[in-house]
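As structure tokens, the structure follows; a few thoughts come after it.
The values are calculated or read from the model by the stated rules, or taken from the named source; none is laboratory data. Worth saying up front: this structure is predicted, and the values here are computed from it rather than measured. Cβ: placed from backbone, ideal geometry, glycine included. Neighbour counts: every protein chain shown.
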Amino acid sequence: MLFVILFQTYAFMNLSSSLLNWYKINKRELPWRDTGNPYQIWLSEIILQQTRIDQGVGYFQRIYQRFPDIRSLASASEDEVLSLWQGLGYYSRARNLHHTAKIISADYEGVFPSDYHELKKLKGIGSYTAAAIASIAFNIPVAAIDGNVSRVISRLFAIETPIDITSTRKIIESLADEILDTRQPGDFNQAMMDLGSMICKPTNPLCDQCPLFDFCLARAKKIEHLLPVKSKKIKQRKRYLHFFLLTYMQNDTQFLFVEKRKDNDIWKNLYQLPLAETDSPEIPEQLPLPKEAISLLKSKGFHPEIAGKPATYKHQLSHQILEASFYKIILPQEYCFIFEQYFKKVSLEEFENMGKPVLISRYIAGHITGLSETNQ
Ligand code: SF4
């Protein structure tokens with residue numbers, strides 16, 4: 001028994017030194033690398049959840065430049081944080097980031113907690129992010145397991161049960177702890193992430209370039225392309241969103257009406273054009289206004305006419321497929337007071353600087369070039 005344990009320890013030390021040697025030469029150059037600053041590590045990890053590295057780097061630089069420390073982020077308005085986040089999607093990350101910055105500023109005197117369990121109590125920081133911050137910034141020996149690392153471990157140990165069930169997750173966690181290099185946990189965790197992203201890719205892993213080639217059971221059994229096994233198929237919900245660009249000119253300025261999303265749904269607290277959501281792609285019969293407003297408009301002889309062809313975009317989220325249609329309606333100025341009771345009136349320029357879903361930004365960028373156009 002003692003011999004088995006010694007052999008295993010020796011094998012894991014070799015695995016670690018092969019991985020860390022590879023990492024020294026091949027690690028990705030990223031603006032938050034080679035720092036022990038927990039704020040930068042946290043910011044980068046939150047941005048990189050659900051975001052490709054090449055896209056995340058630009059956002060990291062912009063947000064870090066505007067908020068170089070936790071206190072500056074904490075004292076910003078949520079609207080400004082959401083506006084900087086625009087285009088990254090999964091906006092709950094930005095809201096949690098802002099919320100947690102305020103908590104750290106107020107309750108921790110602006111200093112990041114170094115304890116893994118304390119980090120996990122903060123909003124938006126789960127096991128993976130807490131482990132990444134604790135190991136990279138504070139050298140705490142805890143394994144950071146994201147999708148990339150799970151895949152590498154499932155292949156290294158040829159785990160053939162589905163990785164998305166609890167029992168397999170526990171096995172992966174325990175193996176990740178076993179192989180973790182406790183002397184350099186931050187580098188080891190980052191090396192595993194880089195290996196998963198650059199070499200042990202989801203399809204066609206580059207085994208002949210892999211520093212763990214000699215340790216890998218899936219490669220030895222020639223089953224690497226079959227792993228990891230997944231059990232669940234994500235159910236996708238289809239949603240039809242009908243946005244109305246209600247707009248008019250006043251003193252050479254173009255105005256439009258917008259609303260803030262309040263519900264616990266996608267894009268919470270972002271601004272959008274007035275929306276009607278339905279079960280079909282057909283254009284709704286009424287504007288998204290209460291009945292009394294519709295009646296009032298009718299009694300005044302106003303009948304909305306759509307200017308030009310509606311624009312339609314498809315947008316895929318992890319659990320939802322969105323089909324968004326946009327209808328432009330040019331409002332006679334005398335009726336605008338009715339819309340002002342239900343929506344916020346903003347100039348086009350103001351709206352461009354407000355946090356909004358990327359779908360709406362795309363529509364605005366491509367379709368607002370003046371009120372006179374009728375066929376876009
Ligand atoms: S040898 Fe291949 S399957 Fe195994 S860890 Fe390396 S890249 Fe992944």
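Overview of values
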| read-out | value |
| --- | --- |
| Helices (runs of 4 or more DSSP H) wholly inside region 12-123 that include at least 2 residues being crowded, with 19+ Cβ neighbours inside 10 Å | 38-48, 53-66, 70-74, 78-85, 92-107 |
| Residue check, L348 within 20 Å of the chain's Cα centre (by Cα) and of a type outside the set (D, E) | no |
| Breaking point among (1) in contact with a helix residue (DSSP H, G or I) (Cβ under 9 Å, 6 or more places away or on another chain); (2) within 9 Å of the ligand (Cβ to nearest atom), for D208 | (1) |
| Pairs, first free of Cβ contacts under 8 Å to residues at least 12 places away in the same chain and outside the structural domain of N269 (by TED's automatic domain parsing) in region 86-113, second buried (at least 20 other Cβ atoms within 10 Å of the Cβ) and assigned to a helix (DSSP H, G or I), C-beta under 6 Å, six or more apart | P113/L119 |
| Members of region 311-341 found to be in a helix (DSSP H, G or I) and either over 35 Å from the mean Cα position of the chain (by Cα) or outside the structural domain of I283 (by TED's automatic domain parsing) (or both), listed by number | Q333, E334, Y335, C336, F337, I338 |
| Residues within region 293-316 that are exposed (fewer than 11 other Cβ atoms within 10 Å of the Cβ) and of a type in the set (S, T, N, Q), tallied | 2 |
| Hits in region 227-264 (condition: in contact (Cβ under 8 Å) with a residue 60 or more places away in the chain and not in a strand (DSSP E or B)) | L227, P228, V229, K230, S231, K232, I234, K235, Q236 |
| Condition met for I223 (within 16 Å of the ligand (Cβ to nearest atom), in contact (Cβ under 8 Å) with a residue 24 or more places away in the chain and either of a type in the set (F, W, Y) or surrounded by 12 or more Cβ atoms within 10 Å (Cβ to Cβ) (or both)) | yes |
| Close pairs from region 20-32: first touching a residue at least 40 places away in the same chain (Cβ under 8 Å), partner hydroxyl-bearing (S, T, Y) and surrounded by 13 or more Cβ atoms within 10 Å (Cβ to Cβ), Cβ under 9 Å, at least 6 apart | R28/S197 |
| Members of region 265-306 found to be assigned to a helix (DSSP H, G or I) and of a type outside the set (S, T, Y), listed by number | K291, E292, A293, I294, L296, L297, K298 |
| Test: E178 is among the charged types (D, E, K, R), touching a residue at least 40 places away in the same chain (Cβ under 8 Å) and in contact with a helix residue (DSSP H, G or I) (Cβ under 9 Å, 6 or more places away or on another chain) | yes |
| Tabulated pairs, region 191-216, first in the same structural domain as E45 (by TED's automatic domain parsing), second near the ligand (Cβ under 6 Å from one of its atoms) and among the aromatic types (F, W, Y), C-beta under 7 angstrom, 6+ apart or interchain | C207/F213 |
